[in-house]
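One structure below.
The values are calculated or read from the model by the stated rules, or taken from the named source; none is laboratory data. Model, not experiment: these values are computed from the prediction. Quick reminder, even Gly has a Cβ in these numbers, built from the backbone with ideal geometry, and neighbours come from all protein chains shown.
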Amino acid sequence: MTEPNSKEILVTFSMAVILITHVFLFIPFTLYLSNADEFVTPVWNILQLCFIPALVVLLLLYILGRFFRGEMHRRYTVFLAAIGLLIWFQGNVLIWDYGILDGRTIDWSKDVWRGWLDLGLWFGVISCAFIFYRQIGKIVVHIACAVFVIQLLTAIYSGIENSSKLGTQETKIPSSNSALQELYKFSPENNVVHLVLDGFQSDVFEELMEHELLGKKYRSDFSGFVFYNETLGTFPYTRFAVPAFLSGEIYTNNVPKNDFITSVIKGKTILNTANEFGYVVDLASEPYFGALYANGTHANSYIIPKDSATDFKSDNATMMLDLTLFRIAPHFVKKYVYNDQSWLLNSKFSGKEHMQYRYFSHTAFVNELTENMSIERTSPVYKYIHVMNVHNPMVVAPNCGYAGRTMGTTRITLTVQSKCTLDTIVKLFNKMKALGIYDNALIVMHADHGGWTVPYRWKQRIFWSNGEEITPFAASLASPLLAIKPPGVASGELKISPALASLTDIPDTISTIMKWGIGFGGKSILDLDPKTQRERKFYFYTWQRDAWETDYTGPIQEFIIKGSHYDTPWLASRMLLPPSDK
């Protein structure tokens, strides 16, 4: 068999480079531009780390090619070109919709036809490359080169168009151990603790408070609190719920969503108001929300890492490679990349065991805050802490340890994870009591939306204004936890109020209790008459596959609810359309 000449070696090497570039440059770059808010680390830092595995794979492909001679070498060249084209096509054209990749279960038994289509495409192209390499070899290589040039030009153009998203600094968000140390410090007298328990469903909390064995202790642990069991949320997802409960502002789809959120967080929020009244504002959240909250005025911002390390660069690079593999893999292979919600690479490089799951990493953060809490501040303090302990995926056993696998979100799994989260919060409050700072603190504990289990009381059906029925999960997403302990109140068991509260009332409630005199367009919840049938609004929209890429969201249905949202009909009102649909 003849040795390949220098030209053949160059062509083979070029096909390997093209293949590698799709996997480690073009797809990651595209993913970053469409999901820039999800990454703390700028794209250049991520690509630097991707360069190492890219070089290793390229070297392996080159060495493997050197073993082939004659016709086998030519077949190998066409094979590399074909694989490069398949990766490009799967990652840019055959992009199936799997919903939000935020930890919830994907039902792989659905849409199996996707797998057979992908499999047929891959098997057909690879078979043709092997069998008909002589007839189609040059054509495949030329197409691979043309696609590469188009991708390169597209990446350059997209980079110029989105230069503001790229950045050059190590991380987008200032977060350090010094910020963490400051977060531990409280004032001896003037503390506001604003605790956002993402996804904590109201009627799950109520069930735990009334539990035959657990309820009495919980009601004592939450002494001084009033639980508002009729609270209505604003949006089904966190992105627009956060501006609503910090400022009272509602997103109406008439301006780009990122512009709206940034403007709101920079403007008149309860956090910025606290700063104006001399409070030291400390923030703690996960990376995406950290970037969002960083637009406001604050003293310290801490990003809760997945494990004890804060190497966001390697963490983001691992996440990017997982997303890339998920995007370019055929349907049947995606299941193993997603790895039952823990991701293929992330689960292997996440550091401590199970810390890739937010329940464990965020629980560890709250426990560290509890353990290291001290009274060292002379100024009043506003602690804003947004944790994801209750959020998907469900990974907790009844003993609050790792369940050994990720589980679907059911009423049972959600209740178990919620119970374990409350146990963590109780320890935090007990430490505050031991230090003598619980009684005089204002503590606001709430969710941004509910979970994904239909409330027990729910017996209704909901419809879009066009008559199409909406999933009953809208009722759970509209049912966030809200409980408030005013300063100077700490005795007696937790009380339950049926007042028709809304998350948009939170900034007015805090302002009123703290006597700041600043209005946010809502009402102080403490002033609500529980007997009054108040009119409230909820804004429902569904998730889009391109939700991170588009400037606007899909149609938002405004509902008017005159009474309890569990028992009163939801009246479809305005349909808030993006400008392109109006």
Could you identify the single residue in F24, F68, F13 that is surrounded by 22 or more Cβ atoms within 10 Å (Cβ to Cβ), aromatic (F, W, Y) and on the phi < 0 side of the Ramachandran plot?
F24
Within region 202-252, can you find the residues that are hydrophobic (A, V, I, L, M, F, W, C) and within 21 Å of D527 (Cβ to Cβ)?
F225, V226, F227, L232, A244, F245, L246
Can you tell me which residues in region 539-572 are hydroxyl-bearing (S, T, Y), in contact with a strand residue (DSSP E or B) (Cβ under 7 Å, 6 or more places away or on another chain) and at pLDDT below 95?
Y541, T568
Being in the same structural domain as Y539 (by TED's automatic domain parsing) and either crowded, with 22+ Cβ neighbours inside 10 Å or out of contact with any Ser or Thr (no Cβ under 6 Å at 6 or more places or on another chain) (or both): is that true of V226 here?
no
State yes or no: is D97 under 30 Å from W543 (Cβ atoms) and touching a residue at least 24 places away in the same chain (Cβ under 8 Å)?
yes
Scan of region 249-289 for residues that are crowded, with 19+ Cβ neighbours inside 10 Å, modelled with pLDDT under 95 and of a type in the set (G, A, S), ordered by number:
A284, S285
Would you kindly identify the helices (runs of 4 or more DSSP H) lying entirely within region 176-279 that contain at least 2 residues that are closer than 23 Å to H449 by Cα?
202-209, 215-221, 238-247, 257-266, 270-276
Residue tally, condition under 25 Å from I513 (Cβ atoms) and not basic (K, R), over region 202-234:
20
Could you pull out the residue among G519, G554 that is farther than 21 Å from A447 by Cα, in contact with a helix residue (DSSP H, G or I) (Cβ under 8 Å, 6 or more places away or on another chain) and assigned by TED's automatic domain parsing to the domain that holds H449?
G519
